[in-house]
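Inspection log for the structure reproduced underneath, given as structure tokens.
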């Protein structure tokens, strides 16, 4: 199963998650919590650039790359950190931001989006061992599932041991992600909630493709699968 990162929303959420040693995804956009979380960071800590939050809250403002670089370099313990998206921008601009951060001597996680050309994903996979995949809200199954299928086909075609992070992809945890993140989970465990340990992989895919929202505990008579989906070969 993918590792689940809690994307903290406020101080109380951070504290609750940190109290159980949860994996955390800090948002660069949340300036109010920066000094606060700096006192509590641990080894299971990653960084999201927060480009979408900044864009929506400031009527089109983008992340400052220099400021982001300096923030990354202010702490050496990041498990990983995302590249900076240009919200409303082009694939070329996103690649330029990624290349700029690399030229700063950083190792950002490039983000491939649902509406981008798959040739860009190939470039990311060739230069990074941990790309991230992001779907367009409201993340409709009939578009997200084909996007993820094709993305993993491209990633696996490169024949590398690539670790893939899914941005807000808990719902699609049956794909072979290394990790996913969410703001809505119970931080008493580092693993995915119970729906993802019931039924076999093909049953779960079939349910989502049909738009079925059945009670997961009734699938296969409630029997838990033994396989770790993150170790399964991609079946499509």
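The values are calculated or read from the model by the stated rules, or taken from the named source; none is laboratory data. Because the structure is a prediction, the values reported are computed rather than measured. Cβ sites come from the backbone with ideal geometry, for glycine too, and all protein chains shown count toward neighbours.
The residues of segment 89-105 that are under 17 Å from residue 116 (Cα atoms), in contact with a helix residue (DSSP H, G or I) (Cβ under 7 Å, 6 or more places away or on another chain) and buried (at least 17 other Cβ atoms within 10 Å of the Cβ), listed by number, are 95, 97.
Considering only residues of segment 75-88 that are out of contact with any strand residue (DSSP E or B) (no Cβ under 7 Å at 6 or more places or on another chain) and touching a residue at least 12 places away in the same chain (Cβ under 8 Å), which is nearest to residue 167 (Cα to Cα)? It comes out as 84.
Test residue 37 against the stated conditions and say whether it is closer than 22 Å to residue 153 by Cβ, touching a helix residue (DSSP H, G or I) at 6+ places or on another chain (Cβ under 9 Å) and not in a loop (DSSP other than H, G, I, E, B). Answer is no for this residue.
The residues of segment 82-110 that are closer than 23 Å to residue 152 by Cβ and modelled with pLDDT of 95 or more, listed by number, are 82, 83, 95, 98, 107, 108, 109, 110. Mind checking whether some residue in segment 58-74 is at negative phi, part of a strand (DSSP E or B) and in contact with a helix residue (DSSP H, G or I) (Cβ under 7 Å, 6 or more places away or on another chain)? No, that holds for no residue. With respect to (1) closer than 18 Å to residue 176 by Cβ; (2) loosely packed, with under 15 Cβ neighbours inside 10 Å, the lone exception for residue 124 is condition (2). Give me the residue from segment 62-88 that is within 20 Å of the chain's Cα centre (by Cα) and exposed (fewer than 15 other Cβ atoms within 10 Å of the Cβ) and, out of that set, nearest to residue 45 (Cα to Cα). Across segment 62-88, the extreme among qualifying residues is 77. The set of residues in segment 108-122 that are in contact (Cβ under 8 Å) with a residue 24 or more places away in the chain and either more than 27 Å from residue 144 (Cα to Cα) or more than 16 Å from the chain's Cα centre (by Cα) (or both) comprises 116, 117, 118, 120, 122.
For residue 39, are the conditions met, namely being under 26 Å from residue 170 (Cβ atoms) and without any contact (Cβ under 8 Å) to a residue 24 or more places away in the chain? Spell out the reasoning first.
Details: under 26 Å from residue 170 (Cβ atoms): no; without any contact (Cβ under 8 Å) to a residue 24 or more places away in the chain: yes.
No, not satisfied.
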